[in-house]
Amino acid sequence: IASSLIIENSNPIQREPLLVFILNKFENIYKSDPDTWITEWKKYCTHMNQPITFHNNNELIKGVFIDIDNNGSAILDINSIKKTISSGILQLS
């Protein structure tokens with residue numbers, strides 16, 4: 001169910017302090033043990049074990065998203081070969 005900050009909180013929310021709060025929380029999680037944030041990320045990952053397409057520069061890489069490594073790079077299964085992708089735009093196929 002969708003909502004908004006104005007619906008959840010009757011007072012206006014200043015965006016800059018909110019963004020600082022979110023980024024600080026993210027930084028604390030990221031600086032912690034990689035297993036902690038990777039486990040948390042995987043709980044909410046909707047494309048795990050799904051066919052995806054990675055747009056990386058002018059290259060389209062198709063495969064099944066199978067994992068994420070300790071650096072945050074995607075691990076794909078491409079025709080039974082594991083390939084690590086460190087950046088790009090992910091799209092469900």
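The values are calculated or read from the model by the stated rules, or taken from the named source; none is laboratory data. Note that this is a predicted model, so its numbers are computed, not measured. Cβ sites come from the backbone with ideal geometry, for glycine too, and all protein chains shown count toward neighbours. Please note that ligands, DNA and RNA were not included when accessible areas were found on the heavy atoms of the full protein model with its side chains. Shrake-Rupley method; radii C 1.70, N 1.55, O 1.52, S 1.80 Å.
A few points about this structure:
- Label-point separation, Asn57 to Leu19 (7 Å along Cα→Cβ), nm: 3.0
- Over the chain, DSSP H runs of length four or greater, each weighted -39,500 (n - 2.57), average out per residue to a 222 nm ellipticity of -10500 deg cm²/dmol.
- The chain - percent of accessible surface contributed by carbon and sulfur, probe 1.4 Å: 54
- Here's the list of aspartates and glutamates a cross-link from Lys62 could span, going by alpha-carbon distance under 17 Å and ignoring same-chain residues fewer than 8 apart: Asp77.
- Surface analysis of the chain yields an accessible area of 80 Å² per residue, using protein heavy atoms and a 1.4 Å probe.
- Answer label, with Cα extents along the principal axes in Å calculated from the coordinates and candidates [x] 42, 29, 24; [y] 52, 29, 26; [z] 41, 33, 21: [y]
- Relative contact order (%) - criterion: Cα under 8 Å, at least six apart; region: the chain: 20
- Extension gain, Ala2 back to Thr36 (0.36 nm per residue minus Cα-Cα distance, nm): 9.5 nm
- Nearest-0.05 FRET efficiency for Ser73 and Lys43, computed from C-beta distance (R0 25 Å): 0.85
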